[in-house]
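Have a look at the structure below before the remarks.
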Amino acid sequence: LGIRGVARYDQLAADIAGISVQGDGSYELPITSFSPKIEEFLVYLQCLSPATIKLPAVSTNRDYLEDVLKILTQQAINVRKWLQNQVDEVAQQFAWQPLPALSSLPRLRQSQGENLKDILTTIEVDIPAVAACSYRQLELAGTPLEFYAVTWPLPDASGDWSLLLIVATMPNQEPPVGVKLRVTDLTQVLEELEWQEDRDYLFMQIIGSEEEKFLATITAADGREKTRTLFESKS
């Protein structure tokens, strides 16, 4: 393979700053970002003073590093399908069950996620009527939990979306103190919440672009058992 184009580091850094990172952590650059004049490379080697490129610090957060590996390798649930009354294969594989429109929640039976309507009346999140919701029941270290995901597109935004995640106890169940909910993207751990005695649920809201994926990790109090779910919103 030969050299097909040349770009100076400062120019490349400026180009990258204006585009979005891809789902695998890479950048897609137009060919115009590179000069086809290979002789410029030789000129740079002869005339420019070499300097060490300052690289970003490597994270030592083990949870974050494990999360990034999952984001890059795990299949994501496409929540955009929920807005079209569809469930993709990944969601079916993990037994996610779609719920009716949020306006229908008061008529839901307990087995259909009645718990959600009580939670939504207490949290201060403005959820539009177009929102779609699914949930799954899971067991973590012997503790049964309900995991809800509510999504909707943002107005006046090209592909941007909101994701509301809720982890709740089953009715009349003691709070699973120490259980954690963590959400990570490719750049950082966005938020982590830990269950306290006075809480019946954990929730967090994330907003992202069409290129972003979010990994939600629910961890048992002893840290030994985890369940991970990767979300995206692709048209």
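Just so it is clear, none of the values below were taken in a lab; they were calculated from the coordinates. All of these numbers come straight from a predicted model, not from anything done at the bench. Here Cβ is always computed from backbone atoms with ideal geometry, including for glycine, and neighbour counts include all displayed protein chains.
For Gln97, the residues whose amide H sits under 5 Å from its own are Tyr135, Arg136, ignoring neighbours fewer than 5 places away on the same chain, with H placed 1.01 Å from N.
Counting other beta carbons within 10 Å of each Cβ, put Val68, Val167, Val189, Val130 in order, fewest first.
In order of increasing Cβ crowding within 10 Å: Val130, Val189, Val68, Val167.
Per-residue Cβ neighbour counts within 10 Å put Thr60, Thr184 in the sequence Thr60, Thr184, beginning with the fewest. Output the relative contact order of the chain, whole-number percent, from Cα pairs under 8 angstrom with separation of 6+ residues. So the answer I get is 18 percent.
Based on Cα atoms of segment 62-232, Rg over Rh with Rh as the Kirkwood radius reads 0.93. In this structure, the amide hydrogen of Leu140, modeled 1.01 Å from its nitrogen in the peptide plane, lies closer than 5 angstrom to those of Leu145, counting only residues at least 5 positions away or on a different chain. When exposed loop sites are taken as GluC sites (Glu not before Pro) in a DSSP loop with at most 16 other Cβ atoms within 10 Å, the longest stretch of the chain clear of them is 29-113. Residue exposure proxy: Ile16, Ile71, Ile31, ordered by other Cβ atoms within 10 angstrom of their Cβ from fewest to most, comes out as Ile31, Ile16, Ile71. Karplus-based coupling profile of segment 3-9, in residue order and whole Hz: 7, 9, x, 10, 9, 6, 4, with θ = phi - 60° in 6.51 cos²θ - 1.76 cosθ + 1.60 and x standing for Gly or Pro.
Close amide H contacts of Val179 (hydrogens built in the peptide plane, cut-off under 5 Å, sequence separation of 5 or more or a different chain): Trp195, Ala221.
Grab the Cα-Cα distance for Ser20 and Glu139, subtract it from 0.36 nm times how many residues apart they are, and report the gain in nm with one decimal.
On the way: separation 119, 0.36 × 119 = 42.84 nm, distance 3.67 nm.
Separation in residues times 0.36 nm, less the Cα-Cα distance, equals 39.2 nm.
Pairs of Lys residues in the chain that lie 8 or more places apart, or on two chains, and have C-alpha atoms under 22 angstrom apart add up to 11.
Per the helix-only calculation at 222 nm, which mean residue ellipticity applies to the chain, given -39500 (n - 2.57) for every DSSP H run of n ≥ 4 and division by its residues, nearest 500 deg cm²/dmol?
-5000 deg cm²/dmol
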